[in-house]
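Novice: What follows is a single structure, and I will ask about it in a moment.
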Amino acid sequence: MLITLLLVAAMAAGSNSCTAPIQQKPLGEYTFSKWWFDIYHARLYQSDGAKAAVTAQQGTVLQLTYLRDISHQNLVKHTREQWQEMKLAPSLPVEQWLQSLDSIWPDVQKGDCIAFKVTQDGSGRFYLGERYLGEIADPQFAKAFLAIWLGANSQYPEQRANLLGE
């Protein structure tokens, strides 16, 4: 019995799943699929509402629970592609951000959750489950990153509407 309890506690401590920030209800959620493959399940939290989330205000949390294994290189590649489609301002340091992401993000396994949290100063912090992965201390990054899901020119308007609770 004791061994079983210790194993359950050890598995829970090593879990890469996300928990709701301060027991909030999400603004919205969406399961993203490409063709017939489920890729991730997204949840968006922001106690001040959708407008605060879109503008990357403090307390915005985007959680992505992966429904398949994906290498960190593919995560970075798809982030690059999304930003190219969105035609971000050429003055933004996109290449620097992508290099940072390449060093921050791990390969994800099915069931892993990466959370992105906007801090008081507008920085963006990444977590794998509850484990801190790293930060990009540029408020422009937080806005550009969240715009992939929440921007008016997002490639996936249905996902955007669902996450914002529209």
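Here, each number is a calculation from the coordinates, and none is a lab measurement. The model shown is predicted, which means the values in this text are computed figures rather than measured ones. Here the Cβ is made from the backbone with ideal geometry for all residues, glycine too, and neighbour counts use every protein chain on show.
Novice: Does Gln46 satisfy being closer than 23 Å to Pro139 by Cα and either touching a residue at least 24 places away in the same chain (Cβ under 8 Å) or basic (Lys, Arg) (or both)? Walk me through it before giving the result.
Specialist: On the way: closer than 23 Å to Pro139 by Cα: yes; either touching a residue at least 24 places away in the same chain (Cβ under 8 Å) or basic (Lys, Arg) (or both): no.
Taking the combined requirement at face value, the residue does not satisfy it.
Novice: Of the residues Asp48, Asp69, Asp102, only one is loosely packed, with under 15 Cβ neighbours inside 10 Å and within 14 Å of Val118 (Cβ to Cβ); which? Walk me through how you get there before you give the answer.
Specialist: On the way: Asp69 fails: within 14 Å of Val118 (Cβ to Cβ); Asp102 fails: within 14 Å of Val118 (Cβ to Cβ).
Residue meeting the stated conditions: Asp48.
Novice: Return the pairs, sorted by first residue and then second, in which the second residue is in a helix (DSSP H, G or I) and of a type in the set (Ser, Thr, Tyr), the first residue lies in the range 69-98 and is in contact (Cβ under 8 Å) with a residue 12 or more places away in the chain, the beta carbons are less than 8 Å apart, and the residues are 6+ apart or on different chains.
Specialist: Short answer, once both residue conditions are applied: Leu98/Thr79.
Novice: Go through the range 118-153 and count every residue that is outside any strand (DSSP E or B), surrounded by fewer than 19 Cβ atoms within 10 Å (Cβ to Cβ) and hydrophobic (A, V, I, L, M, F, W, C).
Specialist: Residues meeting the conditions: 2.
Novice: Another question, if that's okay. In the range 80-107, what count of residues is obtained for those that are aromatic (Phe, Trp, Tyr) and outside any loop (DSSP other than H, G, I, E, B)? Even if it seems obvious, please write down each step before you answer.
Specialist: As a first pass, look at the range 80-107 and keep what is aromatic (Phe, Trp, Tyr): 83, 97, 105.
Applying the additional criterion that residues be outside any loop (DSSP other than H, G, I, E, B) yields 83, 97.
Summing the residues that are aromatic (Phe, Trp, Tyr) and outside any loop (DSSP other than H, G, I, E, B) in the range 80-107 gives 2.
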